[in-house]
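Heads up, the thing below is written out as structure tokens.
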Amino acid sequence: MLYLSSNIKFVVHVDVFGGGRVEPLLGDVPTYGLGVDPTRADYIHCVGERLLVDPMTRRLGGNNNGTDVIPLMVAPLMLDLMDFRRMMCNINVPIRLLVLVQNGREAMLSLYLQELERVYGWSGRLVVSRHPENIGYSAAVNIGLRLALSLPREEVPFVFVTNSDVMFSPDLLPNLLRDVHEMTRHDAARMDELAAEVANEPSESSPVLRRGLRVLRSTVKDNRLSTSALLPDRICYASVKEREKAFSKHYGHFCAYYKSTCFTSVMLTCLAISTVGYFDENFYPAYVEDVDYSLRLRLLGFQERNVLCGKFVHRSSYNIRLSNEMELPDALWYRRVNSLMTSQPYVVMKWNGLKACCDGYKEPYDGMVPLDVWVKDEARIQRIRVHGHDEEQGVPRAEYDRTLCTLSRRKEDELAPVACFLFLLFYFIFHFNY
């Protein structure tokens, strides 16, 4: 079985926008465990070992409730089958629930996922979600996050969100997990308190109460309007300074290696997910969504914890490099779509730049919309998606449709995603009355 040697030679330092450099660390193994791939049988066996499932006897074994267990892991997949295989044989801790989200139609990846479902699907410990149209990285991650919030809080205190182009030294994950379990042990109780408060809204903290309006929250039936599950109005409409104190005693995410981009492979707490909200799916197909999320975490005062307990390797921008080297349909699609740089105009609108610290907005939409809220521009995403299949149609309009954030005057539009600017209305009501 293939594991990453502790005698690692390189680690890749990556900034959040894809640049990177390779720095020597320790040892003299030049391939840092990237030698011979596992065979097909090895690969299937590795997944079973992680899930503590015996495919021969169809028995669930082992203790998957310890502090060295990943409660839920979500891995978005597209062109990275080979890396995914290596990663699953490199991980050396149990996984209680594994969520794999396939974007695109890559044939070999589809076959492997079918085989995994055939062998382990009965166990209840594996979820495979397929999206041949490619829903983007954020939406793929959100599938796992929504599932996590639907499960008992004590059972899933955090989610492991990871790319596939990563490797861990044997000591990293066991030590990191013990730390995360310890530091999140009070999160479930805090979530219970927030749930009780949200259930009684509108409250005296709700600026909508005096005008007979009602607070809108996203629903399962319509995912265009996205709000958090448990951020109460008392915190949502507080001053910036008060909001920054709200969760200052809690960690929002845990990083495996402090010099690398944390969201490459991150432990994200369910307390953070339920208050910050979901990854903004308007960053399509990928990139910058991690920066956006980390800024939103800071606005609620969540701390970031860096746990230096092993060696971590990340091969940056792997899907970009693969799409440039391969002629598969999914690779061609990604190459065309990535060339549009569609996340840039959206991040300019939302944050007035890439970094809120430097002449950008201090809050999303310059404070006009609560930090946990975004409205999905499905038409824009579809234009980008179509361009990936046929670039001869010309460059599509990549700007976000600002009319989605216009208050609807029609009664039948009450629940439409244009409700984004209902929040803007609430904002003005609140500030003019106080």
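The values are calculated or read from the model by the stated rules, or taken from the named source; none is laboratory data. If you're wondering where the values come from, they're calculated on a predicted model, not measured in any experiment. Please note: Cβ atoms are built from the backbone with ideal geometry, for glycine as well, and neighbour counts cover all protein chains shown.
Can you go through 141, 127, 101 and tell me which one is surrounded by 17 or more Cβ atoms within 10 Å (Cβ to Cβ) and in contact with a His (Cβ under 9 Å, 6 or more places away or on another chain)?
Numbers: 141 fails: in contact with a His (Cβ under 9 Å, 6 or more places away or on another chain); 127 fails: in contact with a His (Cβ under 9 Å, 6 or more places away or on another chain).
Being surrounded by 17 or more Cβ atoms within 10 Å (Cβ to Cβ) and in contact with a His (Cβ under 9 Å, 6 or more places away or on another chain) holds for just one of 141, 127, 101, which is 101.
To keep it simple, each residue is scored yes or no on (1) among the β-branched types (Val, Ile, Thr); (2) in contact with a helix residue (DSSP H, G or I) (Cβ under 8 Å, 6 or more places away or on another chain); (3) at pLDDT 95 or above.
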position	(1), (2), (3)
284	no, yes, yes
296	no, yes, yes
300	no, yes, yes
303	no, no, yes
334	no, yes, no
337	yes, yes, no
Sole miss for residue 68 among (1) farther than 23 Å from residue 264 by Cα; (2) acidic (Asp, Glu); (3) in contact (Cβ under 8 Å) with a residue 24 or more places away in the chain is condition (1)
Inside the range 148-190, the number of residues satisfying the requirement of being under 20 Å from the mean Cα position of the chain (by Cα), part of a loop (DSSP other than H, G, I, E, B) and closer than 11 Å to residue 270 by Cα is 8
Exactly one of (1) more than 28 Å from residue 309 (Cα to Cα); (2) outside any strand (DSSP E or B) is unmet by residue 128. Its number?
-> (2)
Strands (runs of 3 or more DSSP E) (entirely within the range 1-102) containing at least 2 residues that are of a type in the set (A, V, I, L, M, F, W, C), at pLDDT 90 or above and at negative phi = 73-77
